[in-house]
Every structure is written in structure tokens, then in C-alpha cells.
1. Based on what the data block shows, is Gln132 in contact (Cβ under 8 Å) with a residue 40 or more places away in the chain and surrounded by fewer than 20 Cβ atoms within 10 Å (Cβ to Cβ)?
2. Filter segment 152-195 for residues that are part of a helix (DSSP H, G or I) and either under 22 Å from the mean Cα position of the chain (by Cα) or at pLDDT below 85 (or both) and give the result.
3. Output the residue which, of all residues in segment 567-580 that are part of a loop (DSSP other than H, G, I, E, B) and small (Gly, Ala, Ser), is nearest to ligand 1 (Cβ to nearest atom).
4. Return only the number of the condition from (1) within 30 Å of Arg419 (Cβ to Cβ); (2) in contact with a helix residue (DSSP H, G or I) (Cβ under 8 Å, 6 or more places away or on another chain) that Gly570 does not satisfy.
5. So which of Gly479, Gly461 is surrounded by fewer than 19 Cβ atoms within 10 Å (Cβ to Cβ), farther than 29 Å from Asp589 by Cβ and either in contact (Cβ under 8 Å) with a residue 12 or more places away in the chain or of a type in the set (D, E, K, R) (or both)?
6. Restricting attention to strands (runs of 3 or more DSSP E) lying wholly within segment 417-522, give those where 3 or more residues are in the same structural domain as Lys634 (by TED's automatic domain parsing) and under 26 Å from Pro372 (Cβ atoms).
7. Taking the options Thr639, Thr601, name whichever one is polar (S, T, N, Q), away from ligand 1 (no atom under 16 Å from the Cβ) and surrounded by fewer than 20 Cβ atoms within 10 Å (Cβ to Cβ).
8. Which is within 14 Å of ligand 2 (Cβ to nearest atom) and touching a Lys or Arg at 6+ places or on another chain (Cβ under 7 Å), of Tyr591, Tyr577?
Amino acid sequence: MVRETTCRNVLITVCLLLVCTTLGSTQSGKRRQQEPRGAPVVPAAPTVPPAERRVALVIGNGQYHHVPRLANPTTDARLIAETLTSVGFTLIGSQAQLDLDKPAFDRVVQEFGTVIQGAGVALFYYAGHGVQVRGVNYLVPVSANPTREADVDFQLLNTDLVLRQMEGAGTRLNLLLLDACRNNPFAGRGLRAAGGGLAQMQAPEGTLISYATQPGNVAQDGTDGHSPYTAALAHAFRKPGLDVFAVFNETGLAVKQRTGGAQQPWVSSSPIAGQFYFTGAPDQPPPGGNADAVEIAFWNSVKEDPSPEAFQTYLESYPQGKFAALARLKLKQLTDPPKPTPAPPVTEPPPPRTSGGTQVAVGSSPPQPPPPPATMVGNDGAEMVLVPAGEFSMGSDADELDRVQADRKVFGNELPRHRVYLDAFYLDTYEVTNARFQQFAQATGYRTQAEREGWGDVFTGETVEQVHGAHWRAPQGPGSSIVGLEQHPVVQVSQEGAHAYCAWAGKRLPTEAEWEKAARGPDGQTYPWGHRFDGKRANFCDTNCGYRWKDQAANDGYRATAPVGSYEGGKSPYGAYDMAGNVWEWVSDWYDANYYRNSPTQNPPGPASGEQAVIRGGGWSSRALNLRAPNRDKAAPATREGYVGFRCAKPL
Ligand SMILES: [Ca+2]
Ligand SMILES: [Ca+2]
């Protein structure tokens with residue numbers, strides 16, 4: 001078995017570009033020459049034509065002219081092309097695009113951008129050499145022969161170009177799949193800034209990026225003519241009942257198992273609306289699936305149904321089921337007769353007036369759509385509160401910082417106070433609990449970064465330390481569990497896990513602006529309940545807390561996390577609980593201390609890029625100052641520890 005070197009830089013916490021170890025260019029040419037077809041695949045379930053158009057561009061580059069050739073990319077691309085065709089994708093060029101030189105590469109990417117306009121799903125797959133130069137990822141055409149860095153833009157294909165084609169297309173879901181973990185083909189040339197691995201990319205809205213292996217590790221060659229990643233991917237594409245996250249999770253697990261843990265595919269995703277299945281309707285339970293999977297598949301098949309019978313059928317099968325409460329609520333909504341509209345007052349009938357023989361009504365306003373309900377229940381069964389459209393006061397001014405004795409050097413990132421308009425949205429009433437996260441993990445097989453990498457940060461009584469075996473099910477490390485903590489907020493989940501949960505629930509993380517408005521209301525109050533701190537309205541570092549800055553004059557009843565919603569008096573003007581304290585909460589924005597100086601005044605999305613993400617609201621280990629609604633803090637997206645959790649938002 002020949003090993004190849006890989007790949008992208010790993011931790012988002014470091015911005016170093018890791019250069020792959022090169023095992024020697026001769027080795028990459030030794031991949032087994034073997035015609036494909038050997039990959040084990042399960043037969044695709046009979047597919048009904050997908051309701052939305054699916055378009056794919058599949059590229060395999062192996063026959064390089066100036067750098068070591070690769071044996072498997074062309075067979076890998078053929079396998080993926082056949083598989084995607086069998087599950088309803090239309091292929092650019094009707095087949096896999098093999099051994100493309102730069103002009104051909106440019107041409108198919110451009111055509112891809114045109115054809116995906118108006119499609120529902122766009123998928124780009126590439127197998128071949130990949131390289132990063134100064135943090136930008138490039139795919140390598142077979143003709144490439146760069147001798148200096150300035151050649152790169154002309155001879156290689158910048159991956160951002162593919163993302164840009166997808167961004168403008170209006171597609172609901174974009175998938176960028178890179179089996180480009182080959183060694184750096186240009187090692188020894190004048191490309192000092194080049195590394196063989198691929199750099200972390202930020203997934204634009206509705207996009208999932210999947211890399212063949214985890215950063216800084218070694219990908220193994222397959223024994224059947226395919227890379228382990230592509231073989232596993234093709235297998236998962238054909239498996240019925242897996243949604244998009246489950247497909248990539250299953251691929252990851254299969255590759256990890258097949259390579260003895262040496263290689264693990266990596267996913268980076270932005271929030272994705274709705275669900276997507278490569279094969280099989282969600283109402284087809286996966287063969288051999290356990291009872292939970294069957295129930296979840298059943299629920300997925302009825303949850304959008306407008307008829308009460310669908311929910312009745314679910315309840316008959318699962319009277320105590322995971323979604324029983326939600327089903328009863330839906331049933332009630334569908335069977336309750338609408339409340340009669342009050343008759344207009346008889347004393348002031350709208351005076352009819354004639355005009356040119358046509359009767360027109362005046363004096364009454366045109367029919368208004370009914371206002372959205374103040375609460376709703378999300379796909380995950382969690383209640384959400386409405387935050388109506390309108391302006392609010394975001395950030396702090398200098399006088400406010402002085403009033404609360406906040407050092408401007410530390411808290412100056414809240415300046416200046418400014419007006420922001422937001423569209424209406426719903427926000428989870430509570431932080432996401434362990435019980436709900438467990439439901440998600442069971443349904444999707446998702447494994448958090450802490451689980452995949454084997455450690456989480458734990459407060460040990462004195463300091464915070466990396467603890468092996470700490471993850472959301474064992475938040476304090478081996479021996480700990482979430483038994484008894486089912487209604488506590490989930491912790492030890494990185495921003496990636498928060499994105500994944502919210503997407504599964506048909507939601508997304510709130511933006512920083514959405515979070516702040518939901519916490520403080522339209523008028524910019526300091527805390528969710530008002531302008532003055534009150535240690536009985538939130539779980540913070542009170543006298544029970546283990547840190548030296550604990551407030552010994554206050555007792556909120558909890559040393560660490562509290563069950564969500566424990567502080568009735570602490571809820572925000574819109575009815576969201578624990579927006580101050582309990583756990584810090586991930587939002588979707590990158591962090592920039594100066595963002596407020598010229599951020600958009602309507603629906604600000606946050607900076608386009610960054611190294612750290614924003615966390616909000618303070619937690620059980622925080623001082624009162626950090627519980628203020630305008631307070632901003634930051635953490636590397638890969639952070640997982642005992643005091644950061646999240647909740648989700650949903651646009652109307
Ligand atoms: Ca406390
Ligand atoms: Ca909180």
C-alpha cells in the first residue's frame with residue numbers, strides 16, 4: 001500500500017499554513033493502476049425524479065504532464081459520475097471530465113456556473129493534485145508547470161472561482177467535494193509559499209465543503225483502484241435515508257475505519273436550509289436501521305403534511321415517541337377551528353361610493369396578512385419566540401461603559417452605539433439542551449470535533465485544561481456524563497457542531513445583531529430584564545462558582561450550568577431565557593473588534609472572514625459585566641469547553 005501525503009491545515013485556532021511532508025515525488029506515481037468498478041456499493045433504491053434540479057461537475061485529473069501522475073483520480077471521477085447520475089444528477093458534459101488542461105478546466109467551471117442557475121442543488125467534485133499558496137486553494141490542471149509564485153494565478157484554478165459560481169446561482173444547497181489530498185507536486189520549485197495541503201475555506205451560505213482527509217495527516221491509497229474517500233462517498237450517496245450531513249458523517253466513519261484511523265474526511269459547512277437526500281425519500285427507513293432511525297424517518301415523512309391524519313397516524317404508532325408532543329401540538333393546530341373574526345362595528349359601516357358605475361370600497365384598509373404568531377415550535381421540537389422586524393439600539397456608547405465601570409480598553413469593541421434594522425426572525429426560547437443534542441446525534445450520527453479529536457477543555461478547579469475524553473456526553477472527561485443534566489445546555493460543542501445542529505433543525509445560528517436584539521429589546525437596555533444587574537436573574541459566577549472573581553454577595557443556586565429556563569425573572573423582552581449567563585452562545589459572525597464602526601445598518605451579516613467567531617451573553621463562569629447584552633467576546637471556531645453552548649434562529 002502506497003501512502004500519499006496530505007493536506008489542509010487543521011486547526012482553525014492557528015493560522016499557520018501547514019506544509020505537507022513530502023514522501024518523494026516518485027511515490028505518488030505508484031498508485032495502483034487498476035480499472036475501477038471494484039468499489040463496494042449498495043444498490044441504489046429506486047429513485048423518484050427529484051423535485052429540484054441537481055447539477056454536478058465531476059473532474060478527475062491524473063495524467064499530469066509536468067508533475068507526478070496520479071493513477072486513481074480518473075477512476076474516482078468515473079465512479080462518482082456514475083453514482084451521481086444514478087441518483088438524479090445531471091452532469092456537465094454528461095460524464096466525468098478527465099485530465100483537463102487549464103482552458104478546459106476554465107470552460108467547464110464556467111459552464112457549470114451557467115447550468116446551475118435556478119437549480120436546487122449544485123455539486124462540484126474534484127480528484128487530483130491540489131495545492132495552497134498563501135492560504136488560497138488551487139486545483140491543478142494537467143498542463144500546469146508553474147516555476148514561480150506569479151505563475152499560479154494563470155496556470156492553476158483558484159477554488160474560490162468555483163464557490164463564486166455557486167454563490168450567484170440561487171441554489172439552495174452547494175456541495176464542494178475535494179479529493180485533492182495529494183502531495184505537493186511543486187515541491188522543490190520556486191513556490192516557497194506553496195503547501196501540498198488545502199487551506200481551510202469559509203463556506204458561503206448554503207454550502208458544504210468536504211475534504212478527503214483531516215489536516216496534517218496522511219491519506220492512504222486504496223487497494224481497489226479508488227481512494228478510500230471516494231469509495232466511501234459513492235457508497236454513502238447510494239444509501240437510502242441519509243440526509244446530507246449523515247452522508248458525510250458516514251463517509252468519515254467509513255474512511256476512518258478503512259484506514260485504521262489514519263485518515264478522516266473533514267467537513268466545513270455554513271447553515272443549510274431544509275434537508276437533502278441523495279437517495280431515497282426520507283420516509284424510507286434505512287435498511288437495518290434501529291428503532292430510533294425508523295421513528296425519525298417516519299416523523300420526517302409526516303412533519304410537513306398539512307393533514308391532521310398524518311400526525312394522528314404518527315401518534316398511533318408512537319404514542320410516547322420523541323416527537324409526540326410536537327405531533328399533538330400540530331394536530332391541535334390543524335383541527336382547531338379558526339377563531340371567528342369579530343364583525344365590524346355596525347355603527348360605522350364603510351360608506352360605499354360609486355365611481356363611473358363601479359362600486360369601490362373606501363375607508364377600509366386593504367387586507368393585512370395576519371401577524372406571525374409570537375411563538376412557534378421548530379423541527380427539533382424546541383419552542384421559539386418571535387423577534388419582530390424593526391430597529392434596535394446595538395452596542396454601547398462611552399458614557400454607558402463609564403456608568404457600568406467597564407474599561408474602554410477591554411470593552412471598546414462595543415463602541416459605538418448605533419441603530420440597526422433587522423427583519424423578523426424566530427429565536428430558540430432556550431439554549432439547546434443535552435436532550436435535544438442527543439436527539440440530533442442519534443438521528444444523524446454526527447460526531448463533534450471533541451469526539452473526533454479526542455479532547456475538550458475542562459475547568460479543573462484552578463485552570464482550564466485540555467482533557468482527553470472530554471466531549472458533550474462526558475463534559476468533564478472520562479467518568480462524567482450528562483445523566484441528570486438532560487435539561488442543561490449542551491457544552492463541549494464547537495461552532496461547527498452548533499451549525500450542524502441548527503441546520504438539521506431547519507434553522508441557523510443567529511447573527512450577532514439578531515442575538516443582541518433578542519437579548520435587550522428595541523431600546524438598548526443593558527441586561528435582558530433592565531439596566532441594573534441582579535444576581536438572582538441569571539446563572540453567573542456567584543458565590544457557588546469556582547473562580548477567584550466570584551461574586552460572594554450573590555447566590556444564583558448553581559456552581560456550573562443550570563437547567564435552561566431556570567430564571568423566570570431573567571427572560572428578555574421577547575421571552576428568551578438565559579440570554580444573560582448559564583452558557584456563552586455561539587453566533588454566526590466572525591469577530592472584528594472594529595466591526596461596528598462601519599457595519600451595515602440593515603441585517604448586518606458580520607465580517608466576511610476572520611479567525612475567531614463571536615460568542616455572546618456570558619456564562620456560569622463570568623462576571624456580571626460579561627452578562628451585559630452588548631458585551632462581545634470571541635473564540636476560535638474549534639473551541640469546545642464547558643461554558644460555551646448555543647441556540648438557533650429561523651428567519652420567517
Ligand atoms: Ca452560578
Ligand atoms: Ca446564555
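The values are calculated or read from the model by the stated rules, or taken from the named source; none is laboratory data. On a predicted model such as this, the values are computed, not experimentally measured, just so you know. Don't worry about glycine lacking a Cβ; one is built from the backbone with ideal geometry, like all the others, and counts go over all protein chains shown.
1. Against the criterion (in contact (Cβ under 8 Å) with a residue 40 or more places away in the chain and surrounded by fewer than 20 Cβ atoms within 10 Å (Cβ to Cβ)), Gln132 does not qualify.
2. Matches in segment 152-195: Thr159, Asp160, Leu161, Val162, Leu163, Arg164, Gln165, Met166, Glu167.
3. Going through the qualifying residues, I end up with Ala580.
4. (2)
5. Gly461
6. Fully inside segment 417-522 and qualifying: 418-422, 425-428.
7. Just one listed residue meets the conditions, Thr601.
8. Tyr577
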